[in-house]
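Visitor: Sending over a structure as structure tokens; questions will come in a sec.
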């Protein structure tokens, strides 16, 4: 498109005037139409829309987490009841074939309660019976440790006399009789009351889930849109199998850990072997770190009661059991249920511990595994896994980059060889020219 300008000169000024052709040309140019819809349909608008959606989701998720932290007395029993009911639900469905739903729920509920109560009662009587022996051996062990510490302290450049120890005892006694200790004891009593309330609430919720779990789930499904209802039902089914499979698989792994460590403690005649075995069983429900921490506790008990040799044997047994769990039991038993990377498990444990303490660490991993199964259902990754294709694409791109690099290096080599040949030719031609001049 051409524009014509006519230049007129004055004394010291230059003026540019537009001709009628210029005005017609400018008038023929279409101005871009800026609309509100166009602002949100271009690439920057779509990116802004996604960012706004992520911010809204993050705010809602943060508010939900804050609300759950405010209502831990209700949230934690409900989560534990959901996980336990998913583990016990297959047994309820089998009993419903021969009895009413109410009777099936009562049978499973009372059976689980009797088993847990029997284990707790056995623990209490075992501790009561072995407590005098444990105290006697613990005193001997502490005396040995005290003598060892005194020998070590004697070789230090500084000394610790009896007056310092007496001052430390007096400070501890003053703290116990102070108001701060009373406040801490009051908080402890409050926590104990909350624990009892939470336990009762857990039992009530668990019973109703076993009795009316299918009806409760149908009520929630009835509120979902019809075109998404199949996906919601499939998500609930996957969460049910994930929770139940996690509890049953972890129980199998915990039973093997408990059998190995408890057998070692019984052979070495360590006091409180059976209670420590039950603690190992409960600690195994915290992946990666639970069995290890409880194994260290058993090692300390063996050190205090039976000496360093027994402690080393118990430590070796703990390491052997953990290796067996990590390399054989977990891949075989939990392969399909807990399809999570160890880094994800560790991050889930950390987040659960920060938000909910020990209970949060217990429920964090099954919640994460169930959430991942639900995400796979909604994103279509359950039927097809795009990760292998992505890895192939990455390898293909790396191969192309390597080929391009090799081609560039080859071109550089060829260019260098051509330059060398040109230098050689120029070097040969210079003497010939000199001879020709002569």
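Visitor: Identify, please: which residue in segment 261-274 is in contact with a helix residue (DSSP H, G or I) (Cβ under 7 Å, 6 or more places away or on another chain) and under 16 Å from residue 312 (Cβ atoms) and is, among those, surrounded by the fewest Cβ atoms within 10 Å (Cβ to Cβ)?
Guide: 268
Visitor: Scan 58, 111, 38, 48 and give me the residue that is modelled with pLDDT of 80 or more, in a helix (DSSP H, G or I) and exposed (fewer than 12 other Cβ atoms within 10 Å of the Cβ).
Guide: Working: 111 fails: exposed (fewer than 12 other Cβ atoms within 10 Å of the Cβ); 38 fails: modelled with pLDDT of 80 or more; 48 fails: exposed (fewer than 12 other Cβ atoms within 10 Å of the Cβ).
Unique residue meeting the criteria: 58.
Visitor: Can you tell me which residue is nearest to the chain's Cα centre (by Cα) among those in segment 353-373 that are within 15 Å of residue 233 (Cα to Cα) and crowded, with 19+ Cβ neighbours inside 10 Å?
Guide: Across segment 353-373, the extreme among qualifying residues is 370.
Visitor: While we're here: Could you please tell me which pairs satisfy a Cβ distance under 8 Å, a separation of 6+ or placement on different chains, a first residue in segment 74-91 that is on the phi < 0 side of the Ramachandran plot and without any contact (Cβ under 8 Å) to a residue 40 or more places away in the chain, and a second residue that is crowded, with 20+ Cβ neighbours inside 10 Å and part of a helix (DSSP H, G or I)?
Guide: Listed by first residue and then by second, the contacts come to 91/108.
Visitor: Residues 320, 282, 297: which one is in a helix (DSSP H, G or I), over 24 Å from residue 364 (Cβ atoms) and in contact with a helix residue (DSSP H, G or I) (Cβ under 9 Å, 6 or more places away or on another chain)?
Guide: Just a single option satisfies the conditions, and that option is 320.
Visitor: Conditions first: (1) closer than 30 Å to residue 323 by Cα; (2) modelled with pLDDT of 85 or more; (3) surrounded by fewer than 18 Cβ atoms within 10 Å (Cβ to Cβ). Residue 251 passes all but one, so which condition is the exception?
Guide: Residue 251 satisfies every listed condition except (2).
Visitor: Looking at (1) crowded, with 16+ Cβ neighbours inside 10 Å; (2) on the phi > 0 side of the Ramachandran plot, find the lone condition where residue 307 falls short.
Guide: Of (1) crowded, with 16+ Cβ neighbours inside 10 Å; (2) on the phi > 0 side of the Ramachandran plot, only one is false for residue 307: (1).
Visitor: Could you look through segment 310-325, keep only residues that are without any contact (Cβ under 8 Å) to a residue 60 or more places away in the chain and loosely packed, with under 14 Cβ neighbours inside 10 Å, and pick out the one that is farthest from residue 246 (Cα to Cα)?
Guide: In this case the residue turns out to be 312.
Visitor: If we keep just the residues of segment 70-99 that are outside any helix (DSSP H, G or I) and in contact with a helix residue (DSSP H, G or I) (Cβ under 8 Å, 6 or more places away or on another chain), which is nearest to residue 205 (Cα to Cα)? Break it down stepwise before answering.
Guide: Initially, segment 70-99 is screened for residues outside any helix (DSSP H, G or I), giving 71, 96-99.
With in contact with a helix residue (DSSP H, G or I) (Cβ under 8 Å, 6 or more places away or on another chain) added as a condition, the list becomes 96, 99.
On the way: 96: 19, 99: 22 Å.
Checked segment 70-99; the qualifying residue nearest to residue 205 (Cα to Cα) is 96.
Visitor: Can we say residue 6 is out of contact with any helix residue (DSSP H, G or I) (no Cβ under 9 Å at 6 or more places or on another chain), outside any helix (DSSP H, G or I), exposed (fewer than 10 other Cβ atoms within 10 Å of the Cβ) and at pLDDT below 85?
Guide: no
Visitor: Inside segment 79-108, can you point out the residues that are more than 12 Å from residue 210 (Cα to Cα) and buried (at least 18 other Cβ atoms within 10 Å of the Cβ)?
Guide: 79, 80
Visitor: Still on this structure, please answer the following. From the residues in segment 377-412 that are in contact (Cβ under 8 Å) with a residue 12 or more places away in the chain and part of a helix (DSSP H, G or I), which one is surrounded by the fewest Cβ atoms within 10 Å (Cβ to Cβ)?
Guide: Restricting to residues being in contact (Cβ under 8 Å) with a residue 12 or more places away in the chain and part of a helix (DSSP H, G or I), the top hit is 378.
Visitor: Next question, about the same structure. Could you list, in sequence order, all residues of segment 285-302 that are crowded, with 21+ Cβ neighbours inside 10 Å and within 16 Å of the chain's Cα centre (by Cα)?
Guide: Passing the criteria: 286, 287, 290.
Visitor: Going by the structure shown, is residue 277 crowded, with 17+ Cβ neighbours inside 10 Å, within 21 Å of residue 358 (Cα to Cα) and either more than 28 Å from the chain's Cα centre (by Cα) or touching a residue at least 60 places away in the same chain (Cβ under 8 Å) (or both)?
Guide: No, not satisfied.
The values are calculated or read from the model by the stated rules, or taken from the named source; none is laboratory data. Only a predicted model underlies this, so the values are computations on that prediction, with no experimental measurement involved. All Cβ positions, glycine included, derive from the backbone under ideal geometry; neighbour counts span all protein chains shown.
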